[in-house]
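Please treat every number below as a calculation from the coordinates, not as lab data. What you see is a predicted model; the values in this text were computed from it and never measured.
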Amino acid sequence: MSAAQDAPTLAAERTHLAWRRTALGILGGGLAAAHLLQEFVGAAAWSIAATALVVSVALTVVSHRRHADDGVPPGGRLVAASALGMVVVGAAALALVVLHGR
C-alpha cells in the first residue's frame, strides 16, 4: 500500500459539515420565506419557519448520528428526508399564499 492509501481522509467530516450547512440553509430559507410572506398572510407565515426548524433539527440530528457511527452504511434516507422537508416547506408557503394572500 502506498502512503496515500494509508492516510486518513476527511470525507466523513466534509459530508457531515455539508449536511449541517444544508440544515442551516433550510432554516435560513424558511425564516426568509416567513418574513417575506408575513405581509401577505400575517403571522400564519411563521408556520413555515417552524416547519423549516423541525426539518433542519431532524437533518442535524441524523447527520450527527451518522457521523458518530462510522459503521452506518450510506443510504438515501437522509437525502429523501431533506427533499421531503423542502417539499413540505414549499407546499406550506404556496398554500399560505394561495389561500390567504387574496
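Some notes on this structure:
- Fully extending the segment from residue 88 to residue 9, taken as 0.36 nm per residue of separation minus the present Cα-Cα distance, adds 24.9 nm.
- For the range 12-100, projected area of the alpha-carbon convex hull averaged over all directions, nm²: 5.3
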